[in-house]
Structure formats: structure tokens, C-alpha cells
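Worksheet for the structure shown next.
The values are calculated or read from the model by the stated rules, or taken from the named source; none is laboratory data. Fair warning: this is a prediction, and the values are worked out from it, not measured in the lab. Glycine also receives a Cβ, built like all others from the backbone with ideal geometry; neighbour counts cover every protein chain displayed.
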Amino acid sequence: EELDLYYMDKKEKRTVTISLGGVIGKSSNFSSMQKMIEIADMELYRAKDMGRNRTILKNINNVN
């Protein structure tokens, strides 16, 4: 937001923001690369649902 980047949407100036979602864990914690991507994608949409311009990382190192 502080960079004051923007785009036009229906002739309205809107500020560019970034939401990030990710997952932290050992590769052995994931059944597949696809599963890891699915979890990261879920976290991205959770960040957006929480108001956008957020970063959420899910740590699965301690999940049994």
C-alpha cells in the first residue's frame, strides 16, 4: 500500500495489495507435492477472506 501502486476498476482507482498464503513443514509431513500446494492455496484464500493484504503461514511441523 505504501508504494501507492494502483489499478483502474470501472474508472475507480484501487490500491494494489498482496495477500500471501503458505505452509511450513518437512517434506515427509506431506503425502504429496500436490497436497502441500492445496494447503498453501487454502491459506491464501483464508488470508483474503480475513481482509486481504495479509500473510498467513500454516506450520504443520507439530501436527500429528
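Inside the range 12-40, can you point out the residues that are in a helix (DSSP H, G or I) and touching a residue at least 12 places away in the same chain (Cβ under 8 Å)? Let's see the steps before the verdict.
Taking the range 12-40 and keeping what is in a helix (DSSP H, G or I), we get 27-29, 33-40.
Selection gives Asn29, Met36, Ile39, Ala40.
Looking at this structure, is Glu43 among the acidic types (Asp, Glu), in a helix (DSSP H, G or I) and either at pLDDT 95 or above or out of contact with any helix residue (DSSP H, G or I) (no Cβ under 9 Å at 6 or more places or on another chain) (or both)? When the stated conditions are applied, Glu43 passes them.
Looking at the range 46-64, which of its residues are farther than 15 Å from Thr17 by Cβ, more than 9 Å from the chain's Cα centre (by Cα) and not in a loop (DSSP other than H, G, I, E, B)?
Step one: of the range 46-64, the residues farther than 15 Å from Thr17 by Cβ are 46, 57-64.
Filter again for more than 9 Å from the chain's Cα centre (by Cα), leaving 58-64.
Within the range 46-64, Lys58, Asn59 qualify.
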